[in-house]
Amino acid sequence: MASILEIENLSFGYSKEKLLFENLSLTLKKGEIKAIVGESGAGKSTLFELILQNLKPLTGTIKSAKISQVFQDPYSSFHPSYTLKNQIEEVASLEGMHAILHTLNLEENLLLKLPHELSGGQLQRASILRAMLMRPELLLLDEPTSALDNVIQLEVMQMLLQNLDTMGMLLITHDMDLARWCADEIIILGRK
């Protein structure tokens, strides 16, 4: 099966004296979930910025299929002045929305609200809904369940795993138990 993400010999640092990554290589195929684990400042979110081509590596290459992302802070990923439904419709088809809403335990009428009118957990689930409706081949998940209680966290992760037949996932988490439970491989950043 073809890779949906190929990172070869990636090196990056905000200064050349202190590199976050040196010769990092990683391959992800459809059907796989890999977890990126590390302490704050280890470069987990920076790696996603590199994959999204928001940053340029010092050396190495990154090739990826169609990407969508779930950000750690859902309030920063939605515009405050538009309803969630408007913002989702700008980037995705609503086809299949009801099944995902049900799995995420979200009421459809919440999508007619502005972001600040929802709780952090509701907004994070709306962020996951948007990412899934974009039909990515590669889903980048930055602490996607940190704002959710344990029961909803489990339901959301199970729903995400049910979609591995159509995509691969790269998960940033501080939760080693979650990483061990769901990931095919755990990549620990920040240890030399």
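The values are calculated or read from the model by the stated rules, or taken from the named source; none is laboratory data. On a predicted model such as this, the values are computed, not experimentally measured, just so you know. A quick note on method: Cβ atoms are made from the backbone with ideal geometry, for glycine too, and the neighbour counts reach across all protein chains shown.
In segment 132-155, which residues are closer than 17 Å to T173 by Cβ and either assigned to a loop (DSSP other than H, G, I, E, B) or free of Cβ contacts under 8 Å to residues at least 40 places away in the same chain (or both)? Hits for segment 132-155 are E143, P144, T145, S146, A147, L148, D149, N150, Q153, L154. When we screen S127, S93 for residues that are closer than 21 Å to K34 by Cβ and not in a strand (DSSP E or B), the only hit is S127.
Every test in (1) surrounded by fewer than 17 Cβ atoms within 10 Å (Cβ to Cβ); (2) over 14 Å from the mean Cα position of the chain (by Cα); (3) assigned to a helix (DSSP H, G or I) is passed by L161 save one, and that test is (2). Restricting segment 60-81 to residues that are among the hydroxyl-bearing types (S, T, Y) and surrounded by fewer than 13 Cβ atoms within 10 Å (Cβ to Cβ) leaves a set whose member that is farthest from I128 (Cα to Cα) is T61.
Residues considered: E32, E49, E22, E90. Of these, the only one that is surrounded by fewer than 20 Cβ atoms within 10 Å (Cβ to Cβ), charged (D, E, K, R), over 15 Å from the mean Cα position of the chain (by Cα) and over 25 Å from H116 (Cβ atoms) is E22. Filtering segment 2-53 to residues that are of a type outside the set (G, A, S) and at positive phi leaves N9, N23, Q53. Counting only strands (runs of 3 or more DSSP E) that fall entirely inside segment 4-80 and contain at least 1 residues that are over 19 Å from P136 (Cβ atoms), hydroxyl-bearing (S, T, Y) and without any contact (Cβ under 8 Å) to a residue 60 or more places away in the chain, the qualifying elements are 21-29, 59-64.
In the set S77, S64, S81, only one residue is in contact with a Phe, Trp or Tyr (Cβ under 6 Å, 6 or more places away or on another chain) and on the phi < 0 side of the Ramachandran plot; that residue is S77.
So, D177, is that one at pLDDT 85 or above, surrounded by fewer than 17 Cβ atoms within 10 Å (Cβ to Cβ) and within 21 Å of S68 (Cα to Cα) or not? It is false that D177 is at pLDDT 85 or above, surrounded by fewer than 17 Cβ atoms within 10 Å (Cβ to Cβ) and within 21 Å of S68 (Cα to Cα). Looking across segment 98-151 at every residue that is polar (S, T, N, Q) and in contact with a strand residue (DSSP E or B) (Cβ under 9 Å, 6 or more places away or on another chain), the one that is nearest to L50 (Cα to Cα) is identified as S127.
Do you know which of the residues in segment 98-112 that are free of Cβ contacts under 8 Å to residues at least 40 places away in the same chain and either surrounded by 19 or more Cβ atoms within 10 Å (Cβ to Cβ) or of a type in the set (A, V, I, L, M, F, W, C) (or both) is farthest from K85 (Cα to Cα)? Per the stated criteria, the residue is A99.
V151 meets each of the listed conditions (1) modelled with pLDDT of 90 or more; (2) over 30 Å from K18 (Cα atoms); (3) aliphatic (A, V, I, L, M) apart from (1).
Pairs linking a residue in segment 164-192 that is in contact (Cβ under 8 Å) with a residue 60 or more places away in the chain and part of a strand (DSSP E or B) to a residue that is among the aromatic types (F, W, Y) and crowded, with 16+ Cβ neighbours inside 10 Å, with Cβ atoms under 8 Å and 6 or more positions apart or on different chains, are L170/F48; I172/F48. If the requirement is being more than 30 Å from K16 (Cβ to Cβ), charged (D, E, K, R), under 16 Å from the mean Cα position of the chain (by Cα) and modelled with pLDDT of 90 or more, which of these qualifies: K66, K113? Answer to the check: K66.
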